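The values are calculated or read from the model by the stated rules, or taken from the named source; none is laboratory data. This one's a predicted model, so the numbers in the text were calculated from it and none came from an experiment. Every residue, glycine among them, receives a Cβ derived from its backbone with ideal geometry; neighbour counts consider all protein chains shown.
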Amino acid sequence: MTPVYNRLSSQVPPPLPAYPPTSILSGLVTPTGITQLSQGMTVGVSEAINGYFRVALALGQIGGNGPGIASGFEIDTPGGMTVSVSAGTAMIDRIVQKAASTYVISADNSTVYLWLYPTAVVAHTTSLTVPNDGDALFLATVTTSGGAVTGIDYSGRVEIRDGLRYRRVADVGRPADEPGSSVSIVTRTQRGEYLWRGEAHMAIVGDTLYVDRIQGDTGAVSGGYLEVDVSASDVVLTPSQLATLGLGTLVVKGAPASVRTVLVETLPGNRFQVVNESTKDATVRTPAEGSAITIPAAASVDVAQTMTGFKSGSPEASEIFVTDIP
C-alpha cells in the first residue's frame, strides 16, 4: 500500500524537540548500554565510558536537530489488521535500530497513530498525544475498517536528511501549526517548503513559485490565495494578509474605469505572485516612494518584497518578468 500525505499539520502529532544537552550530559537521559557497562567494571572506567556515550548522544541530537527517522521504518500492510515495519534506524532519546517486524493493530474502524519507542517497541494510540511520557517517535497514521488496514498516511512523519529534519503535510500554504520554540524543521506543503526556526514558518524561496489557483476564496486569504476587486476603488492589503499570502497568489479582478493601485505594507522577505485579471493595468506598490510595479491586464508577475520595496522575478533578478496568462 502506497503511503499518502493527506493530513493537515493540525491532524498529526507535532515534531519532538531535541533533548537539551544539559539533560543528556547530566545523565537525565540514559543512553543504551549504561547498565551493562557498569556491571563488573573497574571503578571509574564505567563512569568514563558512560560519559563518552552521553557526549556521542548529545552530538547526535544536535547534529540531527532532534528526534527523527534516519532510514527505513517504512510502513505497509500484508493484509488484515497487520502492518509491516521495515528495518530502520532512528534518533529518539538515543539511536534506535530495529529489524524488520510486523505489528497487529487492535482498533478496528478507527484512525490510529503508530509510534516507535526508544526501546524499539512499536505501538499505536488513538490520540495525537505523544505516548510514553512524550518519549516516542511518530511513524504514520493508519486507518482501519472492516477488519483491514485501509490507509497509511505519512503526514507529519519526521525524517533526518543530512542533519536537517523534514516532514510533509497537506496544508495548502504556510503550515498552520507552531512546533515550539526549541524546534527546527523544514515542512513541505502543497505550496512549497517552509523553515520553522522556533518562531515562525519562513518560506524557502527558489526560482519557481509554488502557485495553485483556489477558486472561491474572495476577500480573505485562504491557502495562500487572495482575490481583490478593484472595480470601484484602490485596495490596501494588511500586513497579516501579506504574511499569509507568502508564496501564494494575489488575483486582481474587476472592470475599473482607470488604472487601480493595490497598496501593500513593507514586509521584507515575503514573496508572492500577482495575476491581473482586471480589464485595466494594475499597479502594486508599497508606501516607499517610487516602489511600484505595473502589471498589464491579462498578465502576471512574481514579486519579492525587500527592505525598501519590491524586487520582481527570481530573488537575484532586478528586472520585471511579465508573462501572459494562458
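Could you please find all residues in region 188-222 being part of a loop (DSSP other than H, G, I, E, B), at pLDDT below 60 and in contact with a helix residue (DSSP H, G or I) (Cβ under 9 Å, 6 or more places away or on another chain)? Result: A220, V221. For region 115-158, the candidate set comprises residues that are touching a residue at least 60 places away in the same chain (Cβ under 8 Å), in a strand (DSSP E or B) and among the β-branched types (V, I, T); within that set, the residue that is surrounded by the fewest Cβ atoms within 10 Å (Cβ to Cβ) is I152. Can R165 be described as in contact (Cβ under 8 Å) with a residue 24 or more places away in the chain, of a type in the set (K, R) and outside any loop (DSSP other than H, G, I, E, B)? Criteria met by R165.
For region 172-187, the tally of residues that are at pLDDT 85 or above and of a type in the set (A, V, I, L, M) stands at 3.
Go through region 51-86 and give me each residue that's outside any strand (DSSP E or B) and at pLDDT 95 or above.
If the condition is that a residue be outside any strand (DSSP E or B) and at pLDDT 95 or above, then F73, E74, G80, M81, S86 are the ones that fit.
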